[in-house]
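Novice: Here's a structure for you.
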Amino acid sequence: MLKHAAIAALLAAPALAEETEFVIPEGVTLEEGLAAWDRIYEVTSHPRCSNCHVGADNVPMWSGPSYGDTARPHGMNINAGDSRVGAEYVQCSTCHAYREFAPADTTPHAAPQVAADWRLAPVEAEWFGKASREICTQLRDPARNGGRGFEDIAVHLGHDVILHWAWNPGPGRQPAPYSLEEHTQDVLIWGAAGMPCEGDS
Amino acid sequence: MKLTVNDTEHEVDVDPAMPLLWVLRDELGITGPKYGCGIAQCGACTVHIDGQAVRSCQVAIGDLVGDVTTIEGLGTPDLRHAVQEAWIEGQVAQCGYCQSGQIMQAASLLETNPAPTDDDIDRAMSGNLCRCGTYPRIRAAIHSAAAKLQEG
Amino acid sequence: MGKLKTFTRRAFLVGSATIAGGVAFGTYLVKRDPDNPLAVSLAEGEATFNPWVLIDAERITLIAPHGDSGQGVLSTQAALIAEEMDLGWGDFEVSFGVPSGAYWNRALAADGVPFMPTDESFAANTARSAMNSVAKVVGIQGTGGSSSMPDSYVKLREAGAMARETLKLAASQRSGVPVAELGTQAGAVVLPDGTSIPYTDLAAEASTLEPVEGTALRDLSSWTLLGAPMERLDIVAKSTGTQDYGIDLVVDGMVHASVCLNPAKGAPLIGYDAEDALAMPGVQKVVEVTGGVAVIASNTWYAIQGAMAVDCQWGEADYPAEQADHWAALEAAFTEDALDQEWRNDGDVEAALDAGDVIEAEYRMPYVAHQPLEPLNAIVRVTDAQVEVWTGHQLPRFLQQVVAGVTGHDTDDVIFHNQFMGGSFGHRLEFEHLKQAAEIANQMRGTPVKLTYSREEDFSQDFTRHIAMGRGRASVSGGQVTGIDLGVASPSVVASQMSRMGLSVPGPDSQIVAGAWNNPYSLPNYRMRGYRAEGLAPTSSWRAVGANNGGFAFDCLLDEAIHAAGADPLAERIRLMEHDVSRKVLEAVGEMSSWGGELPANRARGIAFVESFGVPVAEVVEVEQTDAGIAIRDVWVACDVGRVLDPVNFENLVQGGVIFGLGHAINCEITYAGGRAEQSNYHAHEGMRMYQTPAIHVRGLENGEHVRGIGEPPTPCAPPALANAIFALTGQRLREMPFNKFIDFV
């Protein structure tokens, strides 16, 4: 029960309207776990998330319904560098300004802004264009997920205001599917089922 | 709200959501930074905040932290920054509307990378749109400014 | 709160108000001259010899009536005068002047066409083409059609010579030294003993003299300014953030406005709810304008935010709501009924097609937006007595008429202060934003109103380049191209543009076929027809206008035919080109690029030739296939403007024109859905950026008889050269712009 409380508290991040208590479910079947993972994959492979979960070329992507049929590298020849914050060339924060007190900019296609330094996800978490099993095995591998168990992943979801933006991306952009709360609950279901991945034998 | 622009402190009473660009232009009368797109697509509004190039149309005044330098603070017609000098010698501008932003971005690039390659310039400068197409001269002027700065 | 900068003029720029505000007249003779606006308000001791030169005891002011949207004509106009006047470069002020019939554009005057209506010669039709299109648009005093240099080249040097000789006469009368023994240097008359008398010192005396006319112009071998690199007069201001554009000006007591207009261009406002907007910070009021509403606020951003918050109900567009129907209208326009004009029918095309192998192709050229980086803006102050307007515009006299038409004032009571433009590409030939600014200011008489468009509104209201479709056949036989039969269908951009000025244009529109019918090739069999599609979206002149469409269709078709004939793209173009000046342009670009030489792996080249505004242009584009897509590596450009007046500015304009052509060909189009443009900002209509920009090598030839302008001609040649290069690289013919719909670029 201690775990519940911790997660609940940490999920009380600014992006959440109100504190949400999460319960780690018991008696989750493999099927329920895999179903939860499928929903998680819908989120992790969604452009709002995967565009910044790119590989070692450090080039964020522009894709999703507002960009037409085909994905393209982030315009303006943007490269976030090995720093993943653009320090080598143009800082991500040159355009993705820090925004905490002022209300969100509602101009369509304005640069996404949150109360954090905009950055790419770590290179280990390369999701863009990856299949379900590839993302799944990365997420359950502590060597490649920041040393996290599934509860820690759920806690991380509550912390990270950049990922909260995925569900509130402003006009002209399609939000990530489900909600942050549902996504967090799915991570807990998936974890309770033993973090199964498609094709596990 | 207080802000420091080109070493001068100002106080403004505006909606905290107002972008820095419009505080500079309409409230303080500092018009070197230009409005081009309003969504960080063109770079014409580029200023420095604590030395870093930033699109001033994207910074809400309520979230501004740091000292602002505009092109007017970089150098003046009589006392020019090396980048401005290179821009004049290289006869870069056509309409000139984007050039304040180009110069501020270039000055920031040379702060962190004193001898940029063509590839470095392509990466640092491609967020600054020039509708007249002065890019070949911008590239040459950056190389020339880099050489100037290295000579001291 | 910082102190606001009030409206001030640049040190070298005297605003028109100063000139118009004098109190006393100068000479009787000059005062009588209705063609010199400078004479109307001369103060005591001021001298003007013609509409371009004004001198008093303090300063020399040159008038540069052609507007400057970045092409540098302020400097070049001044240099033409200064060359003959022997002024030190920059030792004078320059003004855009006041709107006046004195500044009529001679290069575009209708009676300047030296051909009988029956003359069907190539030259005659070329001349008429210019008249039928650009002249009608540009009118009495105008900047456009790359005409500033053709108009100014002789006229402004004559103005300078006249001023110089009159000042020498004044010096002669003062000193007793015969005029023939006087020289001039650095803004002064020099006596044989070496004494120099500054022009400013002679102004009062010169103002009593009859201007000396008929002086022969100097031979170009004695030029000290023209033909050599000169520092643009605006370069320091534009490199230090101190150049004011219209958008930067502040007039005392000014309020800010922004508009929310029907995205179905030209359609009406049905109703609106401004409650939310009025509750927003800084918003003062909401007023109606034709086709929409304007929000008045204490700051531009408040006005833009307010305009976004007005809930409007719109009338429907009078053009097709969906893009597919625009293309369908063009497809349906290749009919006898829609034939606008058969522009050319040399030889026997049908026989050539019967005799040879036939290539057939269709080309599509989309709507493209202008979108200079300075959004549309204007400051207007209406009082019962007069209207003042501050903005950058290419048609000052029409601006006065349009504004007067809104406010009910006499045209002469509209005082216009022309400004440097942050780009135009034809955008600032338009008047709708001025009508709106005048409508707002007229509802708030006494208060200056600054209207600024948001970028989104600017995209939404852009009267784009006209959409066009080309359908052609070419015949090849014996390894040669033997005939071309091309039709181009498009709406009439001239009719669209003129309609917004309340004018109708009879006769065919040469801009439907520009770049295609007027090619100086000597093809033995050559038919060129223009078809007019009605009822499409409103359009306007976009840098080089019709030549972008006709040039693309013609040159790509020719290239396809040349490849089918198995000939070399450069050699066959040269073989077909009897026109000497144009052939030399092709030969030059071949030499510059070492055409036919060995290329590195994964590289290929294409060539194109397009003539526009009397300037033959040939370009070679070299592309490379990389892992990230196609990269454009090098472009070689040869063109002939008769005389290159400023080599540095010339190179800059040619490079910019090529980049403009390439960038839009790669990734720009405006498409309609639900009657509105789908592209709302630069993310969706990007143009070229630094990382895509090739090295561009420029050579200006001087074989042409006439001095021509270079602001537009480099643009239409770039897309076909790129398409032809991509074919050479990949075997894929790109017959529709933008190309990124079909292939990936770096």
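The values are calculated or read from the model by the stated rules, or taken from the named source; none is laboratory data. Note that the structure is predicted; figures quoted are calculated from it, not measured. Cβ atoms come from the backbone with ideal geometry, glycine included; neighbour counts cover every protein chain shown. These area figures cover heavy atoms from the full protein model, side chains too; ligands, DNA and RNA do not enter into them. Shrake-Rupley method; radii C 1.70, N 1.55, O 1.52, S 1.80 Å.
Novice: In whole angstrom, note down how far apart the Cα centers of the range C:150-171 and the range C:42-97 are.
Specialist: Centre-to-centre distance over Cα atoms comes out at 11 Å.
Novice: Taking θ = phi - 60°, what integer Hz values does the Karplus form 6.51 cos²θ - 1.76 cosθ + 1.60 yield along the range A:103-118, in sequence order, with x for Gly and Pro?
Specialist: x, 4, 6, 9, 5, x, 6, 5, 4, x, 9, 9, 8, 7, 6, 4
Novice: With the full set of protein chains in place, find how many percent of the accessible area of chain C is carbon and sulfur; take the probe as 1.4 Å.
Specialist: Accessible surface attributable to carbon and sulfur in chain C totals 48 percent.
Novice: Mind checking the angle between helix B:135-151 and chain B's longest principal axis? C-alpha axes, 0 to 90 degrees, to the nearest 10.
Specialist: Between helix and principal axis, roughly 90 degrees.
Novice: Cβ neighbours within 10 Å, averaged per peptide: list B:131-140, C:646-655 in order, most packed at the top.
Specialist: Final packing ranking: B:131-140, C:646-655.
Novice: Summarise the accessible area of the range A:2-192 (1.4 Å probe, protein heavy atoms) by the percent that is carbon and sulfur.
Specialist: 54 percent
Novice: Along the range B:42-58, what does the Karplus equation 6.51 cos²θ - 1.76 cosθ + 1.60 (θ = phi - 60°) give for ³J(HN,Hα), rounded to whole Hz, x for Gly and Pro?
Specialist: Couplings: 10, x, 5, 9, 4, 10, 9, 10, 6, x, 8, 5, 9, 7, 6, 6, 9 Hz.
Novice: If you don't mind, another one. For the range B:75-151, what log10 I(q)/I(0) values come out of the Debye formula at q = 0.21, 0.22 1/Å, with one point per alpha carbon and no solvent?
Specialist: Listed by q, the Debye log ratios stand at -0.87, -0.97.
Novice: Could you give the accessible area per residue of the range A:2-192, probe 1.4 Å, as a whole number in Å²?
Specialist: Value returned for the range A:2-192: 45 Å² of accessible area per residue.
Novice: Please give the average number of partner chain Cβ atoms lying within 10 Å of the Cβ of each residue in B:54-65, rounded to a whole number.
Specialist: So the per-residue partner count for this stretch is 6.
Novice: Would you mind giving the mean number of other chain beta-carbons within 10 Å of the Cβ of each residue in C:506-519, as a whole number?
Specialist: Mean shielding count: 0.
Novice: Here is a follow-up. Set the Förster distance to 60 Å, then compute FRET efficiency between C:T224 and C:S477 from the Cβ-Cβ distance, nearest 0.05.
Specialist: The computed FRET efficiency comes out at 0.60.
Novice: Looking at the range C:610-654, which residues lose a minimum of 30 Å² of accessible area between their chain alone and all protein chains in place, measuring with a 1.4 Å probe and not counting ligands or nucleic acids?
Specialist: C:V648, C:N652
Novice: Suppose accessible area is computed on protein heavy atoms with a 1.4 Å probe; arrange C:E275, C:E457, C:E619 from highest to lowest.
Specialist: Accessible-area ranking of C:E275, C:E457, C:E619, largest first: C:E275, C:E457, C:E619.
Novice: Note every residue of the range A:106-125 with a reduction of at least 30 square angstrom in accessible area, all protein chains present versus the isolated chain, computed with a 1.4 Å probe, or write none.
Specialist: Correct list: A:T107, A:P108, A:H109.
Novice: Quick one: dipole size for the range B:2-73, taken about the Cα centre, charges +1 on Lys/Arg Cβ and -1 on Asp/Glu Cβ, in debye to the nearest 20.
Specialist: Dipole about the Cα centre, nearest 20: 380 debye.
Novice: Using a 10 angstrom cutoff on alpha carbons, build the Gaussian network for chain A and name the most mobile of A:A154, A:A121, A:A35.
Specialist: A:A35
Novice: Quick one: of the DSSP bridges fully inside chain B, what percent are antiparallel, nearest 5?
Specialist: Of all bridge pairs located within chain B, approximately 90 percent are antiparallel.
Novice: Shape call for chain C from the C-alpha gyration tensor, a ≥ b ≥ c root eigenvalues: rounded (a/c under 1.5), prolate (a/b greater than b/c) or oblate?
Specialist: In terms of gyration-tensor shape, oblate.
Novice: Right, another one. Ordered by packing density, taken as the mean number of other Cβ atoms within 10 Å over each peptide's residues, highest first, how do C:277-285, C:666-674 rank?
Specialist: Highest-to-lowest ranking by the protection proxy: C:666-674, C:277-285.
Novice: May I ask you to evaluate 6.51 cos²θ - 1.76 cosθ + 1.60, the Karplus curve with θ = phi - 60°, for each residue of the range B:71-88 and list the ³J(HN,Hα) values in order in whole Hz, giving x for glycine and proline?
Specialist: So the Karplus estimates, Gly and Pro as x, are 4, 5, x, 6, x, 10, x, 8, 10, 8, 5, 4, 5, 5, 4, 5, 5, 6 Hz.
Novice: Ok, one more. Under a 1.4 Å probe, what is the accessible area of the range B:2-73 per residue, stated in Å²?
Specialist: 26 Å²
Novice: According to a simple spin-label model (label point 7 Å from Cα along Cα-to-Cβ), what is the distance in nm between A:Q174 and B:D7?
Specialist: Placing both labels 7 Å beyond Cα along the Cβ direction yields 5.3 nm.
Novice: Rounded to the nearest 20 Debye, what is the dipole magnitude of chain C about its Cα centre when Lys and Arg each give +1 and Asp and Glu each give -1 at the C-beta?
Specialist: Magnitude of the dipole: close to 900 debye.
Novice: I'd like the projected area of the protein assembly as shown, averaged over all directions, using the convex hull of its alpha carbons. Report it in nm² with one decimal.
Specialist: 47.6 nm²
Novice: Please check the range A:70-84 for residues whose accessible area, probe 1.4 Å, is lower by 20 Å² or more when all protein chains are in place than in their chain alone.
Specialist: Output list: A:R72, A:M76, A:N77, A:N79.
Novice: Lone cysteines in chain A, going by a 4.7 Å Cβ-Cβ cut-off?
Specialist: A:C49, A:C52, A:C92, A:C95
Novice: On to the next question. Name the long-range amide H neighbours of A:W62: under 5 Å, sequence gap of 5 or more, or other chain; modelled H, no Pro or chain starts.
Specialist: When sequence neighbours closer than 5 places are left aside, the close amide H contacts are A:R72, A:H74.
Novice: Just name one of C:A404, C:A495, C:I467: the one whose Cα is farthest towards the positive end of the charge dipole of the range C:392-499 (beta-carbon charges, Lys/Arg +1, Asp/Glu -1).
Specialist: Among C:A404, C:A495, C:I467, the one farthest towards the positive end of the dipole of the range C:392-499 is C:I467.
Novice: Would you mind giving the total buried accessible surface between chains B and C, with a 1.4 Å probe and ligands, DNA and RNA left out, rounded to the nearest 100 Å²?
Specialist: 5100 Å²
Novice: Given Cβ point charges of +1 (Lys, Arg) and -1 (Asp, Glu) and nothing else, what value in debye, to the nearest 20, does the dipole of the protein assembly as shown about its Cα centre take?
Specialist: Taking the Cα centre of the protein assembly as shown as origin, the dipole is about 1240 debye.
Novice: Related question: Percent of accessible area on the range B:75-151 owned by carbon and sulfur, 1.4 Å probe?
Specialist: Looking at the range B:75-151 in its full context, I get 49 percent from C and S.
Novice: Give me, ordered by chain and number, the residues 5 or more places off C:I296 or on other chains with an amide H under 5 Å from its own placed amide H.
Specialist: C:Q284, C:K285, C:V286, C:V287
Novice: I've got another one for you. For the interface of chains A and B, what total accessible area is buried with a 1.4 Å probe, rounded to the nearest 100 Å²?
Specialist: In total, chains A and B hide about 2000 Å² from solvent.
Novice: Between rounded, prolate and oblate, where does the range B:2-73 land on the alpha carbon gyration tensor, with a ≥ b ≥ c its root eigenvalues, rounded for a/c under 1.5, else prolate if a/b exceeds b/c?
Specialist: Rounded is the answer for the range B:2-73, as its axis ratio a/c remains below 1.5.
Novice: Let me ask something else about it. What number comes out for accessible area per residue over chain C if the probe is 1.4 Å? Units Å², please.
Specialist: Computed with neighbouring chains in place, this is 33 Å² per residue.
Novice: Per residue of C:289-299, count partner chain C-beta atoms within 10 Å of its C-beta, then hand back the mean as an integer.
Specialist: Rounded to a whole number, the mean comes out at 1.
Novice: Sort the following peptides by mean Cβ neighbour count (other Cβ atoms within 10 Å, averaged over residues), highest first: C:90-100, C:469-479, C:586-596.
Specialist: The packing order, highest mean first, is C:90-100, C:469-479, C:586-596.
Novice: Around C:E736, under 12 Å between beta carbons, what's the net of Lys plus Arg minus Asp minus Glu among the other residues?
Specialist: Here the count lands on +2.
Novice: Taking the convex hull of the Cα atoms, report for the range A:123-170 its projected area averaged over all directions, in nm².
Specialist: Result: 3.9 nm².
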